[in-house]
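Here is the structure we will look at.
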Amino acid sequence: MFGPLASLKILDFSTLLPGPFASLLLADMGAHVLRIESPTRMDLLRVLPPHDQGVSASHAYLNRNKRSLALDLKQPEALEVIRQLLHDHDILLEQFRPGVMERLGLGYEALKAINPRLIYVSITGYGQTGPYKDRAGHDINYLALAGLASHTGRADSGPLPLGMQVADIAGGSLHGVIGLLAAVIARQQTGLGQYLDVSMTDCAFTLNAMSGAGFLACGEEPARENQVLNGGSFYDYYRSRDGRWLSVGSLEPAFMKQLCTALGLEDMAKLALSPQPEHQKKLKDALRIEFEKHDFAELSALFAELDACVEPVLSLGEAVRHPQLQARQVVTQVPRGDGTTQAQIACALKFSEGLPEPRHIGAQLGAHTDEVLRELGFSAERILDLRRAKVVL
């Protein structure tokens, strides 16, 4: 094993998406990630379609490069295993509702007494405090409460379900990894770990970025289609004659000039700089008319030759085949364990020293239970006893 995070050993108690995506990033960068999974309460990601050779494609991707220990945390003997693991696994990631780990005897205060270097990361919908801390939620709810949904979508039809998990990934996963690695750096200075409370709603709120800054400092409330970047200007999607779409982001005058010249709208370019809504509407209407005169392939070929910030809206299949994404090697082949491989999304980070090759797709439940217990010094007889007692699977 090598990679920038090869010195990190992580216990991952999370399921579904936010925690597993975070630990996927860490594992791809060389960290040793051990999933602690319930043998009685399956991670629903394991059964999420579509399936490839009987295995959920999502689970195979999100849990690649990780080992799986099936351990019933409700049984006292399980605590013995966790305590032993904590001697060299000094980072813990969990995604239960507040209080669950404490009730299991696995809260931060209890575990840092075993290992003061422990970095303990909790990812939840609403955080460990506040009136919503025990409330259920999903990505769409976090985006709604964080104010993001109020200024996305169309004015006449409302917010759109995005088809991707913004709060889960940009909120929980990425903020969780940033905070975890910051705690690792702090530990290098102090020798001590710490607790990190990651609220997906809090993190989603920060994604308001420019709109939020404008509101808090100037009182300017963002709304749908009333800003430059949310449909309130020409910066938008335009339909071709054959029903496909292209994106137009020609914000700078040089790019707008190329766009308008290519479509025979030279006199319209100056409207792009106008803050007046009527001018933006006039420009958008003109662009809409011209785009709808041409088929998608024709427009794609036209703008491929120009540096105008106009790009086609591609399907996933088209994106995989696009020369830019192919050059960046965004797809990797991951061993299944039977001599074959599965195509998966590659780690997006490019290190000059390289990263470890993907080792395996997401493991079967408890695939590494015996291996992990042997490493901890458990005898074959003791492992068999734990299996008989259904402590492990």
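The values are calculated or read from the model by the stated rules, or taken from the named source; none is laboratory data. All values derive from a computational prediction rather than experimental measurement. Virtual Cβ from ideal backbone geometry, glycine too; neighbours counted across all protein chains shown.
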Query raised in the report: Within the set of pairs 6 or more residues apart or between chains, which connect a residue that is of a type in the set (D, E, K, R) inside region 269-284 to a residue that is part of a helix (DSSP H, G or I) with Cβ atoms less than 7 Å apart?
Result: LYS282/LEU271
Query raised in the report: Right, ASP156: part of a loop (DSSP other than H, G, I, E, B), within 20 Å of LEU229 (Cβ to Cβ) and among the acidic types (Asp, Glu) or not?
Result: yes
Query raised in the report: Quick one: would you say ALA167 is assigned to a helix (DSSP H, G or I) and either free of Cβ contacts under 8 Å to residues at least 12 places away in the same chain or in contact with an Asp or Glu (Cβ under 8 Å, 6 or more places away or on another chain) (or both)?
Result: yes
Query raised in the report: Assuming ARG117 fulfils every condition listed in (1) without any contact (Cβ under 8 Å) to a residue 24 or more places away in the chain; (2) of a type outside the set (A, V, I, L, M, F, W, C); (3) surrounded by fewer than 17 Cβ atoms within 10 Å (Cβ to Cβ) apart from one, which condition is it?
Result: (1)
Query - Pair list, Cβ under 6 Å, 6 or more apart: region 182-194 residue under 19 Å from LEU111 (Cα atoms), other residue at pLDDT 95 or above and among the acidic types (Asp, Glu) - result: none
Requested in this report: Would you mention how many residues in region 337-375 are closer than 18 Å to ARG83 by Cβ and surrounded by 15 or more Cβ atoms within 10 Å (Cβ to Cβ)?
Outcome: 3
Query raised in the report: Counting residues that are in contact (Cβ under 8 Å) with a residue 60 or more places away in the chain, which helices (runs of 4 or more DSSP H) fully inside region 299-393 reach at least 1?
Result: 369-375, 380-388
